[in-house]
Amino acid sequence: MFHVKRAAELDAADELAPYRELFSVPEGLVYLDGNSLGALPRAVPGRLQDVASREWGELLIRSWDESGWWTAPERIGDRIAPLVGAAAGQIVVGDSTSVNVFKALVGAVRLAGDERDEVLVDATTFPTDGYIAESAARMTGRTLRPVRPEEVLGALGPRTAAVLLNHVDYRSGRLHDLPGLTAAIHEAGALAVWDLCHSAGALPVGLDEHGVDLAIGCTYKYLNGGPGSPAYLYVAARHQDRFDSPLPGWTGHANPFGMDPEYAPADGAVRGRVGTPDILSMLALETSLDVWEGVGVESVRAKSLALTDFFVECVNAYVPQGRVELVTPLAHAERGSQIALRCGDAGEVMKGLIARGVVGDFRHPDVLRFGFTPLYVGFGDVERAARVLAEVL
């Protein structure tokens, strides 16, 4: 009963607890998969209804101007910017994460110059980043070199054009050293491209502070934008006048309605736009971001670490020794906002957890993954999840 009482005490002292009411989480469900798909903010259905019935249904094409549809990619980008430590005017929202990885990596290679002919990519990356990196290297005539994050420092050299890394490893939850690796990449004369899918909205990133060149990220995890919500592209202000997008679409043109047959890129991050914005999902994302009003990322990070610490403590207390293996680092400086546990029958264990109202996810072949989203996950949820895990095991 100690951990049940401790969870109640922690929840009572939790300054972020009131934000849970902004989300629609089914009663009695412990949802620890927000690192795959964030919970639904309560205001989104009403906003979508208004967009569909009034802005689209009544105003029709007038809404591109009157409802601000046309400027949504930059406007929403400026709302994401504080969550990743960026000043306004450097983030544009649109397209998928995969498309933005392609734009960012090819753009970085072009910025690096022809004399640098090698691209480094995280060998343990989420598969799409690896696929895109291979294609980008092939299309630009560069050699792709997969390396583990801990091998990057030894792999950098005068041939390195760009390095694509994940801020947080999607399997293990390991947090990589963005400031240190970015500095080392720059010292080698290369450009740093960071994938923020598993960190934005969960912990401070500091894109501007640490001099990141380009970054990309999704919005349907910790930013709660909804399934398939558009991703974003960050282009540091110092690179924007030379950023050469490999997908020069009409909405990234300096004069998009001039219908000029020759492409002239727009000023700023807007040149990262490609085609017509996906308005319904984009405006759902904009409303989702309302939940961040008044929330500091540092407070979110503090609760995230407390939640994950408490989960590990409860697992150690409840689960028989040796039944699971902790994959995620214990050190705070090396931990994202998830806990990964290895066990041989992980797939069946996760099915058992979900059947009992605790939702995490399974990563082949043997990893149980639990994501902790501080705006709507409490310490009571954590204790229950660990207790049910022990029962299932």
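Taking the highest mean first, how do the peptides 240-252, 195-207, 317-329 order by number of other beta carbon atoms within 10 angstrom per residue?
Answer by packing, highest mean first, reads 195-207, 240-252, 317-329.
Rolling a 1.4 angstrom probe over the protein heavy atoms, how many square angstrom per residue are accessible across the chain? Numbers along the way, then the final one.
Numbers: 16180 Å² over 393 residues.
Accessible area per residue: 41 Å².
Mind listing the phi-derived Karplus ³J(HN,Hα) values for segment 63-70, rounded to whole Hz, using 6.51, -1.76 and 1.60 with θ = phi - 60°, and x for any glycine or proline?
5, 4, 9, 5, 9, x, 4, 5
For the chain, what is the mean residue ellipticity at 222 nm derived from helices alone (per DSSP H run of n ≥ 4: -39500 (n - 2.57); sum divided by total residues; nearest 500 deg cm²/dmol)? Don't jump to the answer; show the numbers that get you there.
Numbers: 12 runs with 131 residues, N = 393.
Helix contribution divided over all residues of the chain: -10000 deg cm²/dmol.
Karplus couplings for segment 189-199 from phi (6.51 cos²θ - 1.76 cosθ + 1.60, θ = phi - 60°), rounded to Hz, Gly and Pro as x?
Running phi through 6.51 cos²θ - 1.76 cosθ + 1.60 with θ = phi - 60° gives x, 9, 10, 9, 10, 10, 9, 9, 3, 9, 10 Hz.
With the cut-off at 1.5 for a/c, could you classify segment 319-393 from its C-alpha gyration tensor as rounded, prolate or oblate? The partial results should precede the final answer.
Numbers: a/c = 1.56, a/b = 1.13, b/c = 1.38.
In terms of gyration-tensor shape, oblate.
GNM, the chain, Cα, under 10 Å: largest mean-square fluctuation among A355, A108, A155?
A355
Give the shape of segment 1-136 as rounded, prolate or oblate, defined through the alpha-carbon gyration tensor: a ≥ b ≥ c are the square roots of its eigenvalues, a/c under 1.5 means rounded, and otherwise the shape is prolate if a/b is larger than b/c and oblate if not.
On the way: a/c = 2.42, a/b = 1.23, b/c = 1.97.
Taking the square roots of the gyration eigenvalues as a ≥ b ≥ c, segment 1-136 is oblate.
Residue by residue through segment 380-389, which ³J(HN,Hα) values in whole Hz follow from phi under the Karplus form 6.51 cos²θ - 1.76 cosθ + 1.60 (θ = phi - 60°), with glycine and proline marked x?
Whole-Hz 3J(HN,Hα) from phi for segment 380-389: x, 4, 4, 4, 5, 4, 5, 5, 5, 4.
For the Cα atoms of the chain, what angle does the longest principal axis make with the long axis of helix 2-12, in degrees from 0 to 90, nearest 10?
Computed tilt is about 50 degrees.
GNM, the chain, Cα, under 10 Å: largest mean-square fluctuation among P18, P374, P41?
Greatest mean-square fluctuation among the candidates belongs to P18.
At what distance in angstrom do the alpha carbon centres of segment 226-291 and segment 325-393 lie from each other?
When both Cα centres are located, 36 Å separates them.
Only one of the values (i) 36, 28, 17; (ii) 31, 26, 22; (iii) 31, 29, 27 was calculated from this structure for semi-axes √(5λ) of the Cα gyration tensor in Å; name its label.
Matching the structure shown: (i).
Pop out the carbon and sulfur fraction of the accessible area of the chain as a percent, whole number, probe 1.4 Å. Can you show the working numbers first?
Working: 8860 of 16180 Å².
Summing carbon and sulfur atoms, their accessible area is 55 percent of the total for the chain.
In this model, which of K103/K221; K5/K221; K103/K303; K5/K351 are farther than 23 Å apart at the alpha-carbon? All intermediate terms of the calculation are to be shown ahead of the outcome.
On the way: K103/K221 21 Å; K5/K221 30 Å; K103/K303 34 Å; K5/K351 28 Å.
With Cα atoms farther than 23 Å apart: K5/K221; K103/K303; K5/K351.
With a ≥ b ≥ c taken as the square roots of the eigenvalues of the C-alpha gyration tensor of segment 241-383, please select rounded if a/c is under 1.5 and otherwise prolate if a/b is larger than b/c or oblate if it is not? Mind showing how you got there, number by number?
Details: a/c = 2.81, a/b = 2.39, b/c = 1.18.
Cα axes put segment 241-383 in the prolate bin.
The values are calculated or read from the model by the stated rules, or taken from the named source; none is laboratory data. In this text, all values refer to a predicted model and were calculated from it rather than measured experimentally. Backbone-built Cβ (ideal geometry, glycine too); neighbour counts: all protein chains shown. Areas reflect the complete protein model, heavy atoms only, side chains present, ligands, DNA and RNA absent. Shrake-Rupley method; radii C 1.70, N 1.55, O 1.52, S 1.80 Å.
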